[in-house]
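Asks: Let me give you the structure first, and then I'll get to my questions.
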Amino acid sequence: MGAAFGEDAGGMEERDRIAIDLHDSVIQTLYGVGLRLENCLDCVEDAERLRREIEKSIEALDAAIAALRDFIFGLQPRPGAGSGLPETLLALLHHHSAGTLMQTNLSVLGQEAPALDDARKTQLFRIADEALANVAKHSRARSVAVELGQEGDKVILRIVDDGIGIDWEKVRWGKGVASMKALAAAMGGKLAVRDAAGGGTEVEVAIPVGGVAGG
Ligand SMILES: Nc1ncnc2c1ncn2[C@@H]1O[C@H](COP(=O)(O)OP(=O)(O)OP(=O)(O)O)[C@@H](O)[C@H]1O
Ligand SMILES: [Mg+2]
């Protein structure tokens, strides 16, 4: 796993952080599963208890798999590690569409990707990450497109799917949309979630080109 880390001065810190995170989540969870399986040995005579222990073990394993997926994804190219936003958005698209039949498309509008500092690249990346997670989780889309570009004095990022769309009467906003809005606001910009022109859902982020004062 270590090979994917950059050799920059920040590399060690990142490695340490991930080691601690892995220990706190995945390793402890797996250790817990081991203990539960030991309990199973003690209750092979008690079918009801055995079933409960096994169910809990399966749940814990699923959680560990999800956490590991996140960590492995954390090793992929990220903005700021010498990679551009389009490149990292492409990796993100592949990550979220892996194991689905969803078609993906990334387009950079205009001649080249807008100039952005590393902090803003990272924030836009995090927004795209949540928007694409929502597409994968909720939309049942056949295709998803990510568009990045500059329109007037705004940098625009859109994530557009052709799925079932949002049921505006029944929708219950979770942490995802709130955190995307907060990230956009922190950059002096705005985030809108709306129906996409051809059905499905569109998330659009617009941030000022030059950045906010002090931001
Ligand atoms: N691309 C999409 N297609 C269809 N429905 C969507 C889409 N994105 C979001 N939604 C709807 O909006 C709701 C709120 O999304 P939000 O990301 O805030 O919460 P969540 O994904 O349910 O939970 P989490 O807090 O884990 O993100 C979702 O539960 C879903 O019903
Ligand atoms: Mg979400």
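Asks: Nearest 10 degrees is fine. How inclined is helix 47-74 to the longest principal axis of the chain, computing both from alpha carbons?
Replies: Result, in degrees: 30.
Asks: Cα atoms only: what Rg and Dmax, in Å, come out for region 81-153?
Replies: Taking only Cα atoms of region 81-153, I get Rg and Dmax of 12.6, 38 Å.
Asks: Give the Debye-formula value of log10 I(q)/I(0) at each listed q (0.07, 0.17 Å⁻¹), with one equal scatterer per alpha carbon of the chain, two decimals each.
Replies: Log-scaled intensity ratios, in q order: -0.29, -1.22.
Asks: Show me the ranking of peptides 187-195, 30-38 by mean Cβ neighbours inside 10 Å, starting with the highest. Write down the numbers at each step before the final one.
Replies: Numbers: 187-195: 16.7, 30-38: 13.6.
Going from most to least packed, we get 187-195, 30-38.
Asks: What nm value, rounded to one decimal, do you get for the distance between A66 and S107 when each label is placed 7 Å out toward the C-beta?
Replies: Taking the simple label geometry, A66 and S107 are separated by 3.4 nm.
Asks: Can you give the local net charge around A197? Use residues other than it whose beta-carbon is closer than 15 angstrom to its beta-carbon, Lys and Arg +1, Asp and Glu -1.
Replies: -4
Asks: Work out from phi, with θ = phi - 60° and the Karplus expression 6.51 cos²θ - 1.76 cosθ + 1.60, the ³J(HN,Hα) of each residue of region 95-107, listed in order in whole Hz, and give x for Gly and Pro.
Replies: 4, 6, 9, 4, x, 10, 9, 5, 7, 10, 8, 10, 10
Asks: A further question on this structure: Which three numbers, in whole Å and largest first, are the semi-axes of the equivalent ellipsoid of region 85-208 derived from its Cα gyration tensor as √(5λ)?
Replies: Working: eigenvalues 92, 57, 35 Å².
Values for region 85-208, descending: 21, 17, 13 Å.
Asks: Mind ordering 143-155, 118-130 by average Cβ neighbours within 10 Å, highest first?
Replies: Per-residue mean Cβ counts within 10 Å order the peptides as 118-130, 143-155.
Asks: Of the heavy-atom accessible surface of the chain (probe 1.4 angstrom), what whole percent is carbon and sulfur? Let's see the in-between values first.
Replies: Values: 6890 of 12850 Å².
Roughly 54 percent, rounded to a whole number.
The values are calculated or read from the model by the stated rules, or taken from the named source; none is laboratory data. What you see is a predicted model; the values in this text were computed from it and never measured. Glycine gets a Cβ as well: all are built from the backbone with ideal geometry, and neighbour counts include every protein chain shown. Ligands, DNA and RNA are excluded from the accessible area calculation, which covers all protein heavy atoms including side chains. Shrake-Rupley method; radii C 1.70, N 1.55, O 1.52, S 1.80 Å.
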